[in-house]
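What follows is a single structure, written as structure tokens, with notes after it.
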Amino acid sequence: MTLTTTSMRAALTHDTLDDLIRRGLASADPRQGRAAAFAAFAAADMPRLERTDLSKVHLDDFHLVVEAGDLPADIRATTRSEDHEQRAGLFVQSNGEIVHAQLNPALAARGVILGSLSQATTTAASKAAKRLGSVVRADEDKLTALNSAFWTGGLFLYVPRNVAIEAPVQVVFHADVPGGAVFPRVLVIAEENAAVTILEETISPVGDTPLLAASVTEVIVGPNAQVKYIHLQNWGDNAIAFITQRADVGRDAAINWTHGILGASLMRSFTESRLGAEGASTEMLGVQFGSGNQHHDIFTLMNHVAPLTDGDLLFRGVLRDRARSVFEGLIKIHPGAQDANSYLHDNTLLLSKEARADSIPSLEIEANQVRASHGATVSEIDEDWIFYLQTRGLSRAQATRAIVDGFFEPIMQRITLESVQDRLREAFDRKLDA
Amino acid sequence: MSNDLDIRNLHVSIEGKPILKGLDLTVEQGRIHALMGPNGSGKSTLAYTLMGHPAYDVDEGEVWFQGENILELAPDDRSKLGLFLAFQYPVTIPGVSVANFLRLAMNARQTDGKKIAIPAFRKLMLDKMKLLDMDPSFAGRYLNEGFSGGEKKRAEILQMAVLNPTIAILDETDSGLDIDALKIVANGVNTLMNPDMGILVITHYQRLLNYIKPDVTHVMLDGRIVMTGGPELAEELEAQGYDWVRQQVGLAEPVIDVELVEE
């Protein structure tokens, strides 16, 4: 097999991986991690999910895409402006290449690092190399193994001790090759008493030929640190997306995950907060909107390993057309995790008779002194609400929009970033107009 | 083109069961009409049918307003023509504030597609709230969520004030209200009443009519208007009861009571 240096489209094979490494596109692999990851990928079966059929996803159909594609105009415009009030930094990766990585120089001077994860992991002794793969192991399943073998570029964000970053760090992963496979990879380390907000968006143009995105995000939240990770899943409606995100949360530290689940034809996400030290806490917020034939399978885990840990999850989903959602929310409280508090609420609103939602909240509690509760509802839009709003002059479409906005409102109020609220509302409008 | 609401020979059924059986009624601009009748006589069916609720099937008849037979129109188009219904049981719309809801309703009726400017809207809303003696904090609350019976009805009258209809239908606005709340709501209606507005007050009891004085009173039995008179008719009805009406109009058989037993 020959590969050109400017353009690379190759099957997801061991030869391709060797070539990536030889050409320095994949990091120097000091611990032979990639070879082991490939072996794990080759050995594993596709995950078997109870309510999502992955048997029609053939990974062999996809080829690796490294070369950057054509970014949408708004992203290109963003890369040209350096508005440090709006954002602390900007990282843009297109397919397998980083096309932009820029940080407020004032933060760089304080030791903050925003840049290529590939470069940050070339030496085994580096901070990044030591932690990469420690939060999400390569061999967890076939897709984490696939990502761990083939990722290129990647974001490394490091926030040193006592540094609090006000404005969000904006991250974009873009893909635009039909039939291509992309492997976004993120490692965030927030040291003791640090604070940072990451706003990640994944985008691709709409098309007919499927595109595969298998991403892995690892977040290490040091003692008393605060990390807010906002993830807007806006892949095009032809994308098949596998998302694995986990935060290891230290003593008295907090991770907030905020999800906007909007795109992809088929998505499986797994988001975990591992509350491994006393006083660790997590908030998980999510809004999901499925339309057309979209299928979103969302799995969340609030994993209470240590005592005095807190979890609070609120997800809301709206489905129209023939869209389908599966929400599995697990609260797990280990034997040692006394005095844990954990709450989970999931509500879904169906706008059509053909839409379907399954919500399966569950508790695994092995400690005897905890407070935990969960609740889930799936309801159809109430015709009497529509009629009432119509009698005030709103059209059926306007009435539906008002009801959907109202339904998402409790979560929108907890998403404090106005720019994120705006992005989500735009997306809802687009979905309702379609 | 008339601003009166003209109902002609209206027949309406629900799931095949006839409820309105040839109803004729004209509500004139500048006048308050009271429509009285016992439970099950079809009062609320009339209100919902006039606004276009999809569960009610119109089998025969016409309703003319602003030069159109409005039975062909969607509920929102009827609203935009100037028809308003204050609901007996207003629904709760979670997450939608009173202010936001009113703004959506105002924007929906802007004919040029433009939106009403927020400062102008705020002023309009706060003026109307003041007129109805409502606390400004009301605007920020989610519509009808956790509202008392009186608050729900005041929210309905606030919507009427902001939308300023030509013809307003008040469906059992007195139900579930204590006397103080009733007076507040009635005062609101009286404040809004003007020569360009016609009001149809639907009620089971005469009580509300002590505070909202009708020019005309209609009595409804078994899906038809059976008596029409002046304000004194409401008082007579209060004194004599609906059986007196049945005897007067030769409907001795208490059709309605049979229906109630079935419920």
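The values are calculated or read from the model by the stated rules, or taken from the named source; none is laboratory data. Source: prediction; values computed, not measured. A quick note on method: Cβ atoms are made from the backbone with ideal geometry, for glycine too, and the neighbour counts reach across all protein chains shown. Just so you know, the surface numbers come from the protein's heavy atoms only, side chains and all, with ligands and any DNA or RNA stripped out. Shrake-Rupley method; radii C 1.70, N 1.55, O 1.52, S 1.80 Å.
Descriptive notes on the structure:
- For the stretch A:257-268, a tally of residues being over 25 Å from A:E418 (Cβ atoms) and among the polar types (S, T, N, Q) returns 1.
- Scanning the stretch A:384-400 for residues that are at the interface with chain B (Cβ under 7 Å from one of its Cβ atoms) and either in contact with a His (Cβ under 6 Å, 6 or more places away or on another chain) or among the hydroxyl-bearing types (S, T, Y) (or both) turns up A:F387, A:Y388, A:T391, A:S395.
- Some residue of the stretch A:419-427 being open to solvent by less than 50 Å² (accessible area, probe 1.4 Å) and over 27 Å from the mean Cα position of the chain (by Cα): no
- Hits in the stretch A:157-181 (condition: open to solvent by 10 Å² or more (accessible area, probe 1.4 Å) and part of a strand (DSSP E or B)): A:Y158, A:A164, A:Q170
- Strands (runs of 3 or more DSSP E) enclosed by the stretch A:293-363 - at least 1 residues per element that are basic (K, R), touching a helix residue (DSSP H, G or I) at 6+ places or on another chain (Cβ under 6 Å) and within 22 Å of A:D429 (Cβ to Cβ): A:310-319
- Every condition in (1) surrounded by fewer than 18 Cβ atoms within 10 Å (Cβ to Cβ); (2) free of Cβ contacts under 8 Å to residues at least 60 places away in the same chain; (3) over 30 Å from B:Q159 (Cα atoms) is met by A:D358 except one, and the failing one is (2).
- For the stretch B:63-74, the set of residues classified as more than 10 Å from every other protein chain (Cβ to nearest Cβ) and either in a loop (DSSP other than H, G, I, E, B) or out of contact with any strand residue (DSSP E or B) (no Cβ under 7 Å at 6 or more places or on another chain) (or both) consists of B:Q66, B:G67, B:E68, B:E72, B:L73, listed by residue number.
- Residue among B:A108, B:A168 that alone is within 13 Å of another protein chain (Cβ to nearest Cβ) and either in contact with a strand residue (DSSP E or B) (Cβ under 9 Å, 6 or more places away or on another chain) or open to solvent by 60 Å² or more (accessible area, probe 1.4 Å) (or both): B:A168
- So B:I116, is it over 22 Å from B:M197 (Cα atoms), among the aliphatic types (A, V, I, L, M) and either touching a strand residue (DSSP E or B) at 6+ places or on another chain (Cβ under 9 Å) or not in a loop (DSSP other than H, G, I, E, B) (or both): no
- Applying the criterion of being open to solvent by less than 40 Å² (accessible area, probe 1.4 Å) and out of contact with any Asp or Glu (no Cβ under 7 Å at 6 or more places or on another chain) to the residues of the stretch B:75-95, the residue that is farthest from the other protein chains (Cβ to nearest Cβ) is B:G82.
- Criterion (modelled with pLDDT of 95 or more and open to solvent by less than 10 Å² (accessible area, probe 1.4 Å)) met by exactly one of A:F299, A:F289: A:F289
- Residue check, A:Q390 more than 19 Å from the chain's Cα centre (by Cα) and either modelled with pLDDT of 95 or more or under 24 Å from B:K80 (Cα atoms) (or both): yes
- Taking (1) of a type outside the set (G, A, S); (2) touching a strand residue (DSSP E or B) at 6+ places or on another chain (Cβ under 9 Å); (3) under 21 Å from A:H295 (Cα atoms) in turn, A:E191 satisfies each apart from (3).
- Apart from one condition, A:G179 fits all of (1) within 18 Å of the chain's Cα centre (by Cα); (2) on the phi > 0 side of the Ramachandran plot; the exception is (1).
- Filtered residues of the stretch A:409-423 (kept if out of contact with any helix residue (DSSP H, G or I) (no Cβ under 7 Å at 6 or more places or on another chain) and in a helix (DSSP H, G or I)): A:E409, A:P410, A:I411, A:E418, A:S419, A:V420, A:D422, A:R423
- None of A:I403, A:I415 is within 30 Å of A:E200 (Cβ to Cβ), touching a strand residue (DSSP E or B) at 6+ places or on another chain (Cβ under 9 Å) and more than 7 Å from every other protein chain (Cβ to nearest Cβ) except A:I415.
- Summed over the stretch A:51-90, the residues that are within 30 Å of A:F327 (Cβ to Cβ) and free of Cβ contacts under 8 Å to residues at least 12 places away in the same chain give a count of 4.
- Residues of the stretch A:200-220 satisfying the condition of being of a type in the set (S, T, Y) and open to solvent by 10 Å² or more (accessible area, probe 1.4 Å): A:S204, A:T209, A:S215
- The residues listed here are A:S373, A:S352; of these, the one that is closer than 17 Å to A:G290 by Cβ and either within 14 Å of chain B (Cβ to nearest Cβ) or among the polar types (S, T, N, Q) (or both) is A:S352.
- Here A:I365 does not fit the description of being surrounded by 14 or more Cβ atoms within 10 Å (Cβ to Cβ) and touching a residue at least 40 places away in the same chain (Cβ under 8 Å).
- A single member of A:I220, A:I255 is without any contact (Cβ under 8 Å) to a residue 40 or more places away in the chain, assigned to a strand (DSSP E or B) and under 22 Å from A:I113 (Cβ atoms), and it is A:I255.
- Some residue of the stretch B:183-198 being of a type in the set (D, E, K, R) and open to solvent by 10 Å² or more (accessible area, probe 1.4 Å): yes
- B:D180, sole failed condition from (1) of a type in the set (D, E, K, R); (2) part of a helix (DSSP H, G or I); (3) within 14 Å of the chain's Cα centre (by Cα): (3)
- Scan of the stretch A:398-418 for residues that are closer than 13 Å to A:L349 by Cβ and within 22 Å of the chain's Cα centre (by Cα), ordered by number: A:F408, A:E409, A:P410, A:I411
Residues checked against (1) among the hydroxyl-bearing types (S, T, Y); (2) within 14 Å of chain A (Cβ to nearest Cβ); (3) over 22 Å from A:E409 (Cα atoms); (4) touching a helix residue (DSSP H, G or I) at 6+ places or on another chain (Cβ under 8 Å):
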site: B:G113; (1), (2), (3), (4): no, yes, yes, no
site: B:A120; (1), (2), (3), (4): no, no, yes, no
site: B:L124; (1), (2), (3), (4): no, no, yes, yes
site: B:S137; (1), (2), (3), (4): yes, no, no, no
site: B:G140; (1), (2), (3), (4): no, yes, no, yes
